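J.: Dropping the structure in here first, questions after.
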Amino acid sequence: MKIKIFEFNPLGVNTYVLSDASKECVVIDAACFYADERELLLNYILDHDFVVKHVINTHLHFDHLFGVNMLASQFGITLSCHQADEFLLENIPAQLKLFGLPNVNTDFKPDIGRYLHEGDRIHFGTQILEVIHLPGHSPGSVVFYHKAEGVLFSGDALFHSGIGRTDLAGGDYDLLVKGIQTKLFSLPEETRVYAGHGPATTIGYEEEHNPFVGEG
């Protein structure tokens, strides 16, 4: 499986395009805000003749959504996400204001075609992503685990030496910490973690060194 990473928008969100030899792909957290960012993501997909099978989101905070409608209109596909985060789509202008971003590009409230649940599987090509529900950063936060490749896409739940903030609507610090310790730290230590912001890490490193949930 090939993993292409883009860093988009003023909040530095990592967007991931996963693909294999079948030319099928999935896009995780399409976060392109500016026109040139949307063009960059679209051109990457088109230049490689990819067939977009799924557009999926780890959660529905506004900064992870900016490019979803562009992909939906281009490829005739709807968003897959957890239903518990759907309420976040109702106050996007307020979220933009909170973070000091211009109140533009607010017509991107996406159509949701599939609600994701714990244990669901997302198929593309010969690849399988397993859905793990990990609330705390938001009620509907999920992470995507590719067991065969040993990689995890953690959204804003787990970062390199950090965890997601829990002071936004629906956040729960204790729930997030418990979920990381019980669900993620049960994965193999060598599992590579690709987060929603910042650099990649591993489960083993975070289990030993993360000041919020680790042993250190």
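J.: Just wondering, is there one or more residues in region 155-166 that are open to solvent by 30 Å² or more (accessible area, probe 1.4 Å), more than 24 Å from LYS2 (Cα to Cα) and basic (Lys, Arg)?
T.: Yes - at least one qualifying residue is present in region 155-166.
J.: Any idea which of PRO188, PRO211, PRO135, PRO199 is part of a loop (DSSP other than H, G, I, E, B), at pLDDT 95 or above and buried (at least 19 other Cβ atoms within 10 Å of the Cβ)?
T.: The conditions single out PRO135.
J.: In addition: Hey, can you tell me all the residues within region 46-61 that are over 22 Å from LEU96 (Cα atoms) and assigned to a loop (DSSP other than H, G, I, E, B)? If you could, list the steps in order and put the result at the bottom.
T.: Step one: of region 46-61, the residues over 22 Å from LEU96 (Cα atoms) are 46-55.
HIS48, ASP49, PHE50, listed by residue number.
J.: Let me ask something else. Within region 17-37, restricting attention to residues that are more than 21 Å from TYR194 (Cα to Cα) and assigned to a helix (DSSP H, G or I), which residue is modelled with the lowest pLDDT?
T.: ALA35
J.: So, one more: For region 45-61, enumerate the residues that are touching a residue at least 12 places away in the same chain (Cβ under 8 Å) and either farther than 14 Å from TYR115 by Cα or open to solvent by 10 Å² or more (accessible area, probe 1.4 Å) (or both).
T.: Result: ILE45, HIS48, ASP49, PHE50, VAL51, VAL52, LYS53, HIS54, HIS61.
J.: Given the options ARG165, ARG121, ARG114, name the one that is touching a Ser or Thr at 6+ places or on another chain (Cβ under 9 Å) and charged (D, E, K, R). Step through it out loud before you land on a result.
T.: On the way: ARG165 fails: touching a Ser or Thr at 6+ places or on another chain (Cβ under 9 Å); ARG121 fails: touching a Ser or Thr at 6+ places or on another chain (Cβ under 9 Å).
Going through ARG165, ARG121, ARG114 in turn, the sole match is ARG114.
J.: Please go through region 93-106 and give me each residue that is open to solvent by 30 Å² or more (accessible area, probe 1.4 Å) and either in a helix (DSSP H, G or I) or modelled with pLDDT of 80 or more (or both), ordered by number.
T.: Answer for region 93-106, where residues must be open to solvent by 30 Å² or more (accessible area, probe 1.4 Å) and either in a helix (DSSP H, G or I) or modelled with pLDDT of 80 or more (or both): PRO93, ALA94, LYS97, LEU98.
J.: Quick check on my filter: what residues within region 62-92 are in a loop (DSSP other than H, G, I, E, B) and open to solvent by 10 Å² or more (accessible area, probe 1.4 Å)?
T.: Answer for region 62-92, where residues must be in a loop (DSSP other than H, G, I, E, B) and open to solvent by 10 Å² or more (accessible area, probe 1.4 Å): GLY76, ILE77, THR78, HIS82.
J.: Please go through region 107-119 and pick out each residue that is in a loop (DSSP other than H, G, I, E, B), surrounded by 14 or more Cβ atoms within 10 Å (Cβ to Cβ) and modelled with pLDDT of 85 or more.
T.: PRO110, LEU116
J.: Then there's this: Cβ-Cβ below 8 Å, separation at least six or inter-chain, first residue in region 1-30 and free of Cβ contacts under 8 Å to residues at least 60 places away in the same chain and within 18 Å of ALA157 (Cβ to Cβ), second of a type in the set (Val, Ile, Thr) and open to solvent by 20 Å² or more (accessible area, probe 1.4 Å): which pairs?
T.: THR15/ILE5
J.: Run down GLY171, GLY150 and say which single residue is out of contact with any strand residue (DSSP E or B) (no Cβ under 6 Å at 6 or more places or on another chain), open to solvent by less than 40 Å² (accessible area, probe 1.4 Å) and more than 21 Å from GLU86 (Cα to Cα).
T.: None of the others qualify; the one that does is GLY150.
J.: So is SER73 touching a Lys or Arg at 6+ places or on another chain (Cβ under 8 Å) and at pLDDT 90 or above or not?
T.: In short, no.
The values are calculated or read from the model by the stated rules, or taken from the named source; none is laboratory data. These numbers were taken from a predicted model, which means no experiment stands behind them. Cβ: placed from backbone, ideal geometry, glycine included. Neighbour counts: every protein chain shown. Just the protein is used for accessible areas: all its heavy atoms, side chains included, with ligands, DNA and RNA removed. Shrake-Rupley method; radii C 1.70, N 1.55, O 1.52, S 1.80 Å.
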